[in-house]
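The next block holds one structure in the form of structure tokens; read it before the comments.
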Amino acid sequence: MAGLRPRSGLGRDGLDGWAARLEAEWQAIFTQRQIPPDYLEIWWHCSSCRDSGWLRPDEKCSCLVQQEIDYLYHQSELPPELREQTFDTFRVDLYPPEFRSFMEQVVAECKAFAARVASGQATENLVFRGGVGLGKTHLSSAIAHTVLRSARSVIYLTLPELLDRIRHYKFEAADPEALSLLREVDLLILDDLGGEKVSEFSVQELFVLINYRIAHRLPMLVSTNLSWTDLEGAYTARIASRLMGSSLVLKLDGDDIRLLLKRARSQGPMEARPSR
Ligand SMILES: [Zn+2]
């Protein structure tokens with residue numbers, strides 16, 4: 001260490017003076033070149049946390065929370081056409097008068113479910129049963145938005161999409177992390193569970209997934225137009241009973257509602273179903 005000597009003999013005062021002279025020189029150059037005087041100052045995207053993301057060691061800044069939400073939205077696969085389908089845009093007044101108080105209860109149940117998932121307290125699943133165009137997709141989307149905005153993760157898929165993902169992650173990509181996301185996501189939404197013929201592989205994978213999520217108290221939201229019997233027929237009795245036994249079931253049905261909604265829709269948009 002003896003060979004290392006201070007490069008200059010400046011003391012504290014000397015250094016301060018040197019810095020002040022440099023600063024003045026910079027400012028003179030800036031003025032001459034018409035550069036803003038604060039050009040060399042550090043600019044933060046977020047002045048609250050100076051881009052660290054944290055206000056205190058245990059308190060995230062709102063900018064970090066927003067970034068997480070943006071990421072979660074991206075990851076959720078929520079179809080773009082459902083961006084606007086929130087609780088605020090769900091219109092109970094478009095239902096026939098005799099169904100409105102029932103629909104208000106349905107919406108209240110959905111909001112309560114969304115709040116439980118958003119606070120990590122959901123212990124059961126929610127199943128929507130009912131025909132096309134009665135609001136199942138809009139309500140599923142509204143629940144997804146509420147959960148995502150609370151910075152919890154959501155994955156929104158149809159069953160064929162879900163099975164494709166499982167097959168892909170398992171056999172083609174060999175991506176156990178992506179596969180475990182399907183198991184561990186805070187809310188898994190299976191949109192429009194239909195009566196298509198499913199293979200033995202699909203039934204087995206679906207059973208494993210549902211079982212895992214129920215065992216770990218991870219909620220699912222399933223919408224389907226199938227009756228109990230059809231559900232058993234398409235997916236076996238053990239899946240149907242596992243799902244229904246652990247779910248709050250909301251039934252939206254009635255030809256009258258459908259007809260009247262169709263008429264209401266021709267006057268204004270009520271529900272846009274995702275086209276896939
Ligand atoms: Zn910040």
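Sorted ascending by nearby beta carbons within 10 Å, beginning with the fewest, 16, 58, 51 become 58, 16, 51.
Highest-first packing order for the peptide set 30-43, 162-175 is 162-175, 30-43, based on the mean count of other beta carbon atoms within 10 Å.
For the stretch 72-150, what is the Kirkwood estimate of the hydrodynamic radius, computed as the reciprocal of the mean inverse distance between distinct Cα atoms, to one decimal in Å? Here the Kirkwood hydrodynamic radius works out to 13.3 Å. Scalar couplings 3J(HN,Hα) for the stretch 134-149, obtained by applying the Karplus form with A = 6.51, B = -1.76, C = 1.60 to θ = phi - 60°, are 9, x, 4, 5, 4, 5, 4, 5, 4, 5, 4, 4, 4, 5, 4, 5 Hz; x denotes Gly and Pro.
Normalised radius of gyration (Cα atoms, divided by 2.2 N^0.38 Å) for the stretch 101-215: 1.12. Measuring from each cysteine beta-carbon in the chain, the ones with no other cysteine beta-carbon under 4.7 angstrom are 110. Once the Cα-Cα distance is subtracted from the 0.36 nm per residue extended length, the residue 121 to residue 50 segment shows a gain of 22.2 nm. From its DSSP helices (H runs of at least four residues, each -39,500 (n - 2.57)), the chain gives a residue-normalised ellipticity at 222 nm of -16000 deg cm²/dmol.
Compute the separation of the alpha-carbon centres of the stretch 141-200 and the stretch 77-129 and state it in Å as a whole number. Centre-to-centre (Cα) distance: 20 Å. Label positions at residue 109 and residue 167, each projected 7 Å from the Cα along the C-beta direction, are separated by 3.4 nm. Helix 97-118: angle to the longest alpha-carbon principal axis of the chain, degrees 0 to 90, nearest 10? Helix 97-118 sits at roughly 40 degrees to that axis. State log₁₀ I(q)/I(0) for the stretch 16-119 at q = 0.14, 0.15, 0.19 Å⁻¹ as given by the Debye formula over alpha-carbon point scatterers of equal weight, solvent excluded. For the requested q values the scattering log ratios are -0.85, -0.90, -1.07. Ranked by the mean number of other Cβ atoms within 10 Å per residue, highest first, peptides 187-196, 214-223 order as 187-196, 214-223. Percent relative contact order of the chain, based on C-alpha pairs within less than 8 angstrom and at least six residues apart? Reported as a whole number, the value is 23 percent. For the chain, the direction-averaged projected area of the alpha-carbon convex hull comes to 26.3 nm². When 244, 103 are arranged by Cβ crowding within 10 Å, least crowded first, meaning fewest neighbours, the order is 244, 103.
Every number here is computed from the coordinates shown, using simple stated rules; none is lab data. Please read all numbers here as calculations on a predicted model, not as lab measurements. Please note: Cβ atoms are built from the backbone with ideal geometry, for glycine as well, and neighbour counts cover all protein chains shown.
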